[in-house]
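Below: one structure, written as structure tokens.
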Amino acid sequence: MARMRALCLALLALVIAASGCGQRSPDLVKGKALFVERCGSCHKLARAGTQGTTGPSLDAAFAQARRDGMDSDTIAGIVRYQIAHPRRGSVMPANLVRGEDAEDVAAYVAHVAAVRGEDTGALAQAGLAGATDGRQIFVAAGCGGCHQLSRAGTNGRIGPSLDDLAASARRYGRARGETPEQYVRESIVRPDAFVVPGFRRGIMPSGYDKRLTRQQIDALVRFLLGR
Ligand code: HEC
Ligand code: HEC
């Protein structure tokens, strides 16, 4: 009997130790990177630099709660719940991130939503500034708020769909004496040099040549052409 009790105590101690290990502090840098990649195409969040408009601005969504003094842990809990349980029929897919990833995303949103200022240190590098992969750059730069691109999971409707860009870049490029690469690069850095038929001039923002590095523009062009 005593042996049984000792065993139980030992097991209990193990369980407590294990749950203690589970109390990790969230990785905000990872949370931000995941947010930009998976959530930013639909949600505006100023400090993450995302500009999606399919879902509500998360700054606006939590501004009142923040003013009412709701703490970040509570906000993180709400975000964590929403990630797993969007309302039925919502365009927001459930469980875009899971487990620790979901905790990290929720903690980052709670850390910055409706909080003024800019991310600093390692966090500053986690959004557009640190993005190297074409898909990440596309989403982090807010292109998806205006453009549908299935490979990036975006569904903007203000500009043309980029799903068949390789074909239109060949066609429009040929007419302008440009290679498809040149055409796409010019579409990004000088949007008004050529206006896609059926769309208006002056809607696509200029200045991406200053917001993005050369390497980022190169990666974006390759990604958009499906290379
Ligand atoms: C395809 C678009 C889309 C994506 C991607 C998306 N959401 Fe949403 N989200 C929505 C929409 C639309 C709503 C509005 C409520 C609803 O329809 O459920 C919403 C609601 C929310 C809300 C509640 C806001 C409020 O007003 O209370 C939070 C929080 C949220 N989303 C967080 C996230 C996070 C975090 C991610 C990434 C893991 C994400 N969303 C990805 C579309 C999206
Ligand atoms: C505010 C909306 C908006 C944003 C943000 C935006 N665009 Fe556009 N984009 C447009 C519109 C509108 C057009 C069509 C008119 C034109 O050609 O300028 C367009 C045209 C284009 C074209 C030419 C498409 C074709 O079929 O030939 C490309 C390529 C493109 N955008 C890429 C991007 C990329 C990459 C980003 C992000 C770095 C981006 N856009 C951000 C609105 C936007």
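The values are calculated or read from the model by the stated rules, or taken from the named source; none is laboratory data. Because the structure is predicted, anything quoted here is derived from the model rather than measured. Note that each Cβ is placed from the backbone with ideal geometry, even for glycine, and that neighbours are counted across all protein chains shown.
Filtering the stretch 188-216 to residues that are closer than 26 Å to GLN125 by Cα, part of a helix (DSSP H, G or I), out of contact with any helix residue (DSSP H, G or I) (no Cβ under 7 Å at 6 or more places or on another chain) and free of Cβ contacts under 8 Å to residues at least 24 places away in the same chain leaves LYS210, ARG214. A residue that is at pLDDT below 95, within 27 Å of TYR208 (Cβ to Cβ) and surrounded by 10 or more Cβ atoms within 10 Å (Cβ to Cβ) occurs nowhere in the stretch 11-27. Close contacts from the stretch 105-118, counting a first residue that is in contact (Cβ under 8 Å) with a residue 24 or more places away in the chain and on the phi < 0 side of the Ramachandran plot and a second that is of a type in the set (Phe, Trp, Tyr) and buried (at least 18 other Cβ atoms within 10 Å of the Cβ), with Cβ to Cβ under 7 Å and a gap of 6+ residues or different chains, come to VAL105/PHE35; TYR108/PHE35; VAL109/PHE35; ALA113/PHE62. Looking only at the stretch 117-129, residues that are within 19 Å of GLY52 (Cα to Cα) and surrounded by fewer than 19 Cβ atoms within 10 Å (Cβ to Cβ) come to 2 in all.
Search the stretch 24-45 for residues that are acidic (Asp, Glu) and pair each with any residue that is in a helix (DSSP H, G or I) when their beta-carbon atoms are under 7 Å apart and the residues are at least 6 apart or on different chains. Matching pairs, first to second residue: ASP27/ASP104; GLU37/GLN136; GLU37/VAL139. Of all residues in the stretch 43-64, those being closer than 14 Å to ILE83 by Cα and either at pLDDT below 85 or crowded, with 23+ Cβ neighbours inside 10 Å (or both) number 2. Inspect the stretch 185-195 for any residue being in the same structural domain as THR154 (by TED's automatic domain parsing), modelled with pLDDT of 95 or more and of a type in the set (Ser, Thr, Tyr) and give the result as yes or no. Yes, that holds for at least one residue. In the condition set (1) away from ligand 2 (no atom under 16 Å from the Cβ); (2) touching a residue at least 40 places away in the same chain (Cβ under 8 Å); (3) in contact with a Leu (Cβ under 9 Å, 6 or more places away or on another chain), GLU100 is compliant with all but (3).
This table checks each residue for (1) within 10 Å of ligand 2 (Cβ to nearest atom); (2) small (Gly, Ala, Ser); (3) part of a helix (DSSP H, G or I).
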{"site": "SER90", "(1), (2), (3)": "no, yes, no"}
{"site": "ALA110", "(1), (2), (3)": "no, yes, yes"}
{"site": "GLY117", "(1), (2), (3)": "no, yes, no"}
{"site": "ALA126", "(1), (2), (3)": "no, yes, no"}
{"site": "ARG171", "(1), (2), (3)": "yes, no, yes"}
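For the condition more than 9 Å from ligand 2 (Cβ to nearest atom) and surrounded by 15 or more Cβ atoms within 10 Å (Cβ to Cβ), PRO180 qualifies.
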